[in-house]
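Structure, as structure tokens:
Quick note: the coordinates plus some simple rules give every number you see, no bench work behind them. Every value quoted in this text rests on a predicted model; they were computed, and no experiment measured them. Reconstructed Cβ throughout: ideal geometry from the backbone, glycine too, with neighbour counts over all protein chains shown.
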Amino acid sequence: MKITKVDAWLVEGIKYNWTLVKVHTDDGLTGVGEATNWPGSPLILAACQHIADRIRGERDDRIDYLWTKLYRDMNWLGQAGPLLSAMSAIDIALWDIKGKRAAMPVYQLLGGPYRTDIQLYANYWFIRGDGSPESYADQARAMAAQGFTACKFDPFAHVNYLYGSDLSTNLALTEPQKQLALDRLSAVQQALGPGFPIAVETHAMLNGPTAVEMAHRIAARGINCMWYEEPAGPEFVDAIAAIKRQIPLPVCVGERLHSRFMCRPILERQAADILMPDITRCGGVSELKKIATLAESYNIPIAPHNPNGPISTVASAHVVASIPNFFRQEFMVTDVPWRDTVLGAPLPVSGGYFHLSDSPGLGIDLIEEELAAHPGVLTPREGFYV
């Protein structure tokens, strides 16, 4: 019951590389995990390889001990970033091993299911076309036809997430950009109907006054806004709280909050209506569960951020199956065709839900030949973040 080695791979995804791991034990069991984060996937891979050396020979059943040991040992390098993503992958894999050894699914080990059909919301359904409102509307109809009942997109002029590339350096929008964003939202809402919720993504790329202005203009358009996402960056907790109190839309943050320690100020200052931690960034199964419990004490629902690889999707579903304050989970509607082949079986998604089975552990494995067939991208290219 000791860890003997950890294998790690970069695998090409639709927007950026997935970082996937497999933990091996001396009794032959293996567990799979994911550390996907970006940009800087080579740093994530290196962190996984470094942590593998630090946990070799440790007992694989001491999950919380190993998380705490790594967090404290590596704390001088910071409380977030590549190391916490690597810790997330190891944590996920160790829960997979524990479930396999117990012949139980991970959600049973976490306290049992509130639900095994996990409601999803659609992201990355909008990547084709010319960016016009009509193009968004056509793609929205196709997405809804797959059974999804809520979606998310960034209607603003954010086609490149890298500062200084094609963004305003003061994070403002021109009036034509504002009108185009509103027209895109209106077109999608009209295509889907007034009862279809739309999460409005800003990627923390609007300055404060612009974020407030656009929230009011979105509300005035009658958009059924599921939430207004990241109206400011995670370092501006008071600003997020101030924006929340000035606008008529629910606020959601959390994809850049790494661990319960970074989530706590958001909750204490009532800066968000919904929290969206990412299992590959926040610390894995263990930490996502702890964040959900912490949020429950503030009456805040959880909607896991998940524009990642397939293990992230599965592991997130196991956690939210076991919590009372689950809202919806993100799902990448458009992805690389090998998302399912690297697992050996398609993700059990239909009708807008992820359907959990009672298979031991996470219920999946990695097909290493398929991982090798789709190596990570290391040369920057348009629309892809290495």
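Highest mean first, how do 83-96, 372-385, 337-350 rank when packing is the count of other Cβ atoms within 10 Å averaged over residues?
Taking the mean over residues of other Cβ atoms within 10 Å, the ranking is 83-96, 337-350, 372-385.
What whole-number distance in Å separates the alpha-carbon centres of region 344-386 and region 289-325?
About 19 Å separates the Cα centre of region 344-386 from the one of region 289-325.
Please tell me the relative contact order of the chain in percent, rounded to the nearest whole number, where contacts are Cα pairs under 8 Å and at least six residues apart.
Once normalised by length, the contact order is 23 percent.
With a ≥ b ≥ c the root eigenvalues of the C-alpha gyration tensor of region 3-103, is it rounded (a/c under 1.5), prolate (a/b larger than b/c) or oblate? Show your work: numbers first, answer last.
Numbers: a/c = 2.00, a/b = 1.28, b/c = 1.57.
Note, shape of region 3-103 comes out oblate.
Just need the Rg to Rh number for region 162-220, please, alpha carbons only, Kirkwood Rh.
1.00
Less than 10 Å Cβ to Cβ from His158, Lys/Arg counted +1 and Asp/Glu -1: what total charge do the surrounding residues give?
Working: positive: none; negative: Asp154, Asp166, Glu201.
With Lys, Arg at +1 and Asp, Glu at -1, the net is -3.
At a threshold of 8 angstrom on Cα-Cα distance, excluding pairs fewer than six apart, so keeping six or more, what relative contact order does region 1-141 reach in percent? Working shown, then result.
Details: 202 pairs, mean separation 32.2, N = 141.
So the answer I get is 23 percent.
Express as a percent, rounded to the nearest 5, the fraction of DSSP beta bridges in the chain (both residues included) that run antiparallel.
50 percent
Based on the alpha carbon coordinates of region 157-307, what radius of gyration and maximum Cα-Cα distance (Dmax) apply, in Å?
15.5, 45
How far is the Cα center of region 71-145 from the Cα center of region 164-181, in Å?
After rounding, the separation between the Cα centres reads 30 Å.
Taking the chain, how many lysine pairs are there with alpha carbons less than 21 Å apart, if each pair must be eight or more places apart or span two chains?
21
Does anyone have the angle between helix 41-55 and the longest principal axis of the chain? Alpha-carbon axes, 0 to 90°, nearest 10?
The answer is roughly 30 degrees.
Please report the net charge: other residues with Cβ closer than 15 Å to the Cβ of Leu182, K and R +1, D and E -1. Each step should come with its number before you reach the end.
Working: positive: Lys178, Arg184, Arg217, Arg221; negative: Glu134, Asp154, Glu175, Asp183, Glu201, Glu213.
Result for the local shell: -2.
Return the distance in nm (one decimal) between the two label points of a simple spin-label model at Ala102 and Thr341, each offset 7 Å from Cα along Cα→Cβ.
Computed distance between label sites Ala102 and Thr341 equals 3.6 nm.
Could you please report the charge total around Asp117, scoring K, R as +1 and D, E as -1 over all other residues with beta-carbon less than 15 angstrom from its beta-carbon?
Working: positive: Arg115, Arg328; negative: Asp358.
Net charge around Asp117: +1.
Name the residue, out of Phe331, Phe261, Phe156, whose mean-square fluctuation peaks in a Gaussian network model built on the chain with Cα pairs under 10 Å.
Sorting by GNM fluctuation, first place goes to Phe261.
If packing is taken as the mean number of other Cβ atoms within 10 Å per residue, what is the order of 112-119, 7-14, 287-294, highest first? Each step should come with its number before you reach the end.
Details: 112-119: 17.0, 7-14: 20.9, 287-294: 22.4.
Packing proxy ranking, top to bottom: 287-294, 7-14, 112-119.
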